[in-house]
Amino acid sequence: MALLQTSKTRAEPYDAIVVGSGAAGGIAAYVLAKAGAKVLMLEAGRNYDPAKETPMFQSNADAPLRNAGTPQKPRGYFDATIGGWVVKGEPYLVQNRKSGEWMEGAVADRMNTVQNFMWWRARMLGGRTNHWGRVSLRMGPLDFKPRSTDGLGFDWPISYEDVAPYYDKVEQIVGIFGSKENLENNPDSDYFLPPPKPRAYELLLARGAKKMGWPAIPARMAILTKPFNGRSQCLYATSCARGCSVRANFQSTTVLLPPALDTGNLDILPNAMASRVTFDGRGRADGIIYIDKTTGEEKRANGKAVILAASACETARILLNTRPANFPNGLGNSSGHLGRWLTDSTGSDLSGQIPALENMPLHNEDGVSTMHLYIPWTPDRQKIASKLGVPRGFYMEWSGGREMPGLNPPLEFVGDAYGSKLKREARRYFGSFVNILARGEMIPNEQSYCEIDPERKDRWGIPILRFHFQRGEAELKQAAYMQQAFAEIIEASGGRVIGEPIRDGAKAITAGGSVNHEMGVTRMSSRAEDGVTNSYGQLWDCPNVVVADGGVFVSSPFKTPTLTIMALAWRACEHLLDVSKKGELG
Amino acid sequence: MIIIPLSRREALARMIAAAALAGSLDLEVFAAGEPQGFGDDPNLLEKEIPWPRALSEGERRTTTALADVILPADELGPAASTVGVTDFIDEWVSAPYPQQQREGKIIREGLAWIETAAMKHFGKSFAAADVTEQSKLLDEIIDRQSGARVMNFSDCFAIGLPALTLRRRKVGRRSVTLETFPWRSFPGPHRKRSVTLDWPDSPSF
């Protein structure tokens, strides 16, 4: 078994059809195939091979327009994404924040858009894991019980102790650097690889941050600082967002799918766009209808279980478009929760210039390409923030230093200089700029959800999603607090803020969806009436359909979702295997 | 990644727009045809620029001369034009994407104005003027903005620095940056600084 070149599947009926090949689908395929189950993976994009396709040592100059973002490659030519804010022929609808009119989601700047929501999709094997940020933070005990803690949002039907063993399993495959810090609600891992040394600007910022009561610790990133499970360590030279041909960071394509394929139990069918779930005569799911994108034909794949790992909103779309007679509002929607409680991590950022970093001696600051340090959020910090009316937290990361200059040098610092003076000034300032960025928690609200548009279909004939999205007061206050923290830290580090910190949270916060952390639309619950799935991702409506992606999240902690998605997917698949063996799937 | 309020494109556009406004112009319209671009799934290992270049020979000469006044050859490195800045500007203004089309129009208007101004002031093209004359023209334009910083030639640094760094192997690895140089481990900050930082194992730098 292997990569299938045609839509003729080979081992039907499969034990499981896995829809999606990213973090969740990769784990599902890995866990199920390793356990001996025959698995068919459907991927809506093309096959993608990081070993052959990653531009590792290419300079920006080796890209058209020096790797600038364009409508066709919004995060730059080298970004490991096929797709992005727009996928040709596969639109989604959003609302114009000012007029309320529906419009197609377009390429947009997350800090300056009229769209109420932005939806990043990758149409390629490995999905968004090819370019993701690699931030790998465990959720803490309090993150599973937010309502019990402060009365806001909702509690998960599971606790940290339920998930911790699966974090352990995932971390032993993914490979994450970090350090044991024993910070409350920020669980450590027993499997951390050693963190890289901080860069000069990181040390300065960390010193400033500490003065202001924001201690920085080594970041926790899915990047190898030691050889790991036969994978090479980081070369400290290339950008993770391009992917990694030597498998030094985590991508589903390099870490999960190869060993899953090696079992001989996994078939992968690219260019297969899942449309809806099919049923046998007894109300059990028995497969998936998909579109073979190479021919445009509708096909069917048969399986004893269906694992939906298509990304939260795409999974919700498949379920909403599955409308057998007994589920006229969509499969999994008996409770009315399908598509609701949509969240995305909050975000904001601020830049500064630090005179102490001017005229630094020449040295390399590439490192692992992401931050080496970050600032977590602790319950102690929450106490301070709560007094300011900010109920939920965020982590801070940063960038800066002597990395390859992009197309946006901060030119106002060099005045009207040209000629040799300009060159001297450029050298003086190069490497003295920093940017601090935060990612925070959003509390789910009634106004944020996705639904099927009653009229529009994509080029494959599949009804499309439209998004309602609104940040709550808590998020706006949080974003303003982020800005205040950024400014404090930059100034305490001896730097000056470029521009002004934004005091209006509505202007400081990222557009919904733009952080690419969609969660909650198929949330899990302890009672069938409160959610879409049980705590193992099984639909309350149909237990042999399992949601393995971020849709099952009940809250959206600042920890960012990928690591937890993988842990929950592992737990869900292990449970599926367990109940299958016991014959409890009906 | 560094995010700053004024983008390179905005800065460049402002400069050229201001230059254009400083004189009278009779401009050709920049026609870009149907946007084709490199598509949403190009071969990332090959630099193929599918769009034809728009700048005329005359515009390229003006661009080259302008780039070399802004970033001349000196002890810090070569002149902008010798490391590909002219080609890069041509690639940029010719691209079929909305942003580049918008900026390309402004840039070409600016090039036309500079050429006209050179003819008026010196009776020869900007490229044929000597550095003193070229600088005089640039200074005059800066002065005419009354310090409002609408016109800022240093913004063109954005054109030059990337091109300089991109050829760093030719001008020496230590010229500007050490990027894409593989390491066995990350070495941390440079040690030749007197600031001591309170981080375990952190060197003075």
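Structure data summary
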{"item": "Which listed residue, of A:Gly283, A:Gly332, A:Gly296, is buried (at least 24 other Cβ atoms within 10 Å of the Cβ) and of a type outside the set (D, E, K, R)", "result": "A:Gly332"}
{"item": "Residue in the range B:122-131 that is acidic (Asp, Glu), under 20 Å from B:Ala80 (Cβ atoms) and without any contact (Cβ under 8 Å) to a residue 12 or more places away in the chain present", "result": "yes"}
{"item": "One residue from B:Ile2, B:Ile70, B:Ile49 being facing chain A (nearest Cβ under 9 Å), crowded, with 19+ Cβ neighbours inside 10 Å, touching a Ser or Thr at 6+ places or on another chain (Cβ under 9 Å) and modelled with pLDDT of 50 or more", "result": "B:Ile70"}
{"item": "Subset of the range A:4-18 [at pLDDT 80 or above and either farther than 11 Å from A:Gly287 by Cβ or surrounded by fewer than 21 Cβ atoms within 10 Å (Cβ to Cβ) (or both)]", "result": "A:Leu4, A:Glu12, A:Pro13, A:Asp15, A:Val18"}
{"item": "Count of residues meeting criterion [under 20 Å from A:Ile436 (Cα atoms) and more than 24 Å from the chain's Cα centre (by Cα)] in the range A:370-381", "result": "1"}
{"item": "Residues satisfying the stated conditions in the range A:108-160, i.e. basic (Lys, Arg), closer than 30 Å to A:Met41 by Cα and either out of contact with any Phe, Trp or Tyr (no Cβ under 8 Å at 6 or more places or on another chain) or not in a helix (DSSP H, G or I) (or both)", "result": "A:Arg121, A:Arg123, A:Arg134, A:Arg138"}
{"item": "Cross-chain or 6+ apart pairs with Cβ under 8 Å, the range A:418-436 first and of a type in the set (D, E, K, R), then at pLDDT 85 or above and part of a helix (DSSP H, G or I)", "result": "none"}
{"item": "Pairs, first more than 15 Å from B:Leu111 (Cβ to Cβ) in the range B:77-94, second of a type in the set (Gly, Ala, Ser) and not in a helix (DSSP H, G or I), C-beta under 7 Å, six or more apart", "result": "B:Gly77/B:Ser175; B:Ala79/B:Ala73"}
{"item": "Condition check for A:Gly69: among the small types (Gly, Ala, Ser) and at pLDDT 95 or above", "result": "no"}
{"item": "Single residue of the range A:422-436 satisfying the filter (more than 9 Å from chain B (Cβ to nearest Cβ) and surrounded by fewer than 23 Cβ atoms within 10 Å (Cβ to Cβ)) that is nearest to the chain's Cα centre (by Cα)", "result": "A:Tyr429"}
{"item": "Matching residues, the range A:197-256, being among the basic types (Lys, Arg), within 21 Å of A:Ala51 (Cβ to Cβ) and in contact with a helix residue (DSSP H, G or I) (Cβ under 6 Å, 6 or more places away or on another chain)", "result": "A:Arg247"}
{"item": "In the range A:268-282, the residues that are part of a strand (DSSP E or B) and charged (D, E, K, R)", "result": "A:Arg276"}
{"item": "Residue within the range A:242-251 that is within 11 Å of chain B (Cβ to nearest Cβ) and assigned to a helix (DSSP H, G or I) present", "result": "yes"}
{"item": "Checking A:Pro543 against (1) surrounded by fewer than 24 Cβ atoms within 10 Å (Cβ to Cβ); (2) of a type outside the set (Val, Ile, Thr); (3) in contact (Cβ under 8 Å) with a residue 12 or more places away in the chain; (4) in a helix (DSSP H, G or I), the condition it does not meet", "result": "(4)"}
{"item": "Condition met for B:Thr62 (surrounded by 21 or more Cβ atoms within 10 Å (Cβ to Cβ), closer than 21 Å to A:Asp416 by Cα and among the polar types (S, T, N, Q))", "result": "yes"}
{"item": "Qualifying positions in the range B:73-89 - crowded, with 21+ Cβ neighbours inside 10 Å, within 12 Å of chain A (Cβ to nearest Cβ) and in a helix (DSSP H, G or I)", "result": "B:Ala80, B:Val83, B:Val85, B:Phe88, B:Ile89"}
{"item": "Members of the range A:463-504 found to be under 13 Å from A:Gln353 (Cα atoms), of a type outside the set (Ser, Thr, Tyr) and either free of Cβ contacts under 8 Å to residues at least 40 places away in the same chain or within 14 Å of chain B (Cβ to nearest Cβ) (or both), listed by number", "result": "A:Phe486, A:Ile490, A:Ala492, A:Gly494, A:Gly495, A:Arg496, A:Val497, A:Ile498, A:Gly499, A:Glu500"}
{"item": "The range A:122-145 - residue that is buried (at least 24 other Cβ atoms within 10 Å of the Cβ) and of a type in the set (D, E, K, R) and, of those, nearest to A:Gly175 (Cα to Cα)", "result": "A:Arg134"}
{"item": "Single condition A:His363 does not satisfy, out of (1) more than 30 Å from A:Ile443 (Cβ to Cβ); (2) touching a Lys or Arg at 6+ places or on another chain (Cβ under 6 Å)", "result": "(2)"}
{"item": "Failed criterion for A:Glu403 (all others in (1) in a helix (DSSP H, G or I); (2) within 13 Å of chain B (Cβ to nearest Cβ); (3) among the charged types (D, E, K, R) hold)", "result": "(1)"}
{"item": "Enumeration of residues in the range A:243-264 that are under 24 Å from A:Gly76 (Cα atoms) and either within 18 Å of the chain's Cα centre (by Cα) or touching a residue at least 40 places away in the same chain (Cβ under 8 Å) (or both)", "result": "A:Gly243, A:Cys244, A:Ser245, A:Val246, A:Arg247, A:Asn249, A:Phe250, A:Gln251, A:Ser252, A:Thr253, A:Thr254"}
{"item": "Top-ranked residue of the range A:226-245 - restricted to ones that are surrounded by fewer than 22 Cβ atoms within 10 Å (Cβ to Cβ) and in contact with a Pro (Cβ under 8 Å, 6 or more places away or on another chain), ranked as farthest from A:Asn67 (Cα to Cα)", "result": "A:Lys226"}
{"item": "Filter result for the condition that a residue is assigned to a loop (DSSP other than H, G, I, E, B), buried (at least 21 other Cβ atoms within 10 Å of the Cβ), of a type outside the set (D, E, K, R) and on the phi < 0 side of the Ramachandran plot, over A:Ala310, A:Ala260", "result": "A:Ala310"}
{"item": "Residue within the range A:348-367 that is hydroxyl-bearing (Ser, Thr, Tyr), over 24 Å from A:Arg66 (Cβ atoms) and either within 14 Å of chain B (Cβ to nearest Cβ) or free of Cβ contacts under 8 Å to residues at least 12 places away in the same chain (or both) present", "result": "yes"}
{"item": "Residues of the range A:42-97 classified as within 7 Å of chain B (Cβ to nearest Cβ), in a loop (DSSP other than H, G, I, E, B) and either surrounded by fewer than 18 Cβ atoms within 10 Å (Cβ to Cβ) or in contact (Cβ under 8 Å) with a residue 24 or more places away in the chain (or both), total", "result": "7"}
{"item": "Number of positions in the range A:148-194 that are farther than 29 Å from A:Ala528 by Cα and among the small types (Gly, Ala, Ser)", "result": "4"}
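One line per residue, one yes/no per condition, for (1) out of contact with any His (no Cβ under 9 Å at 6 or more places or on another chain); (2) at pLDDT below 90; (3) surrounded by fewer than 20 Cβ atoms within 10 Å (Cβ to Cβ):
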position	(1), (2), (3)
B:Ala95	yes, no, no
B:Arg102	yes, yes, yes
B:Ile106	yes, yes, no
B:Trp113	yes, yes, no
B:Val131	yes, no, yes
B:Asp143	yes, yes, yes
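The values are calculated or read from the model by the stated rules, or taken from the named source; none is laboratory data. Keep in mind that this is a model prediction, so the values were computed, not measured. Backbone-built Cβ (ideal geometry, glycine too); neighbour counts: all protein chains shown.
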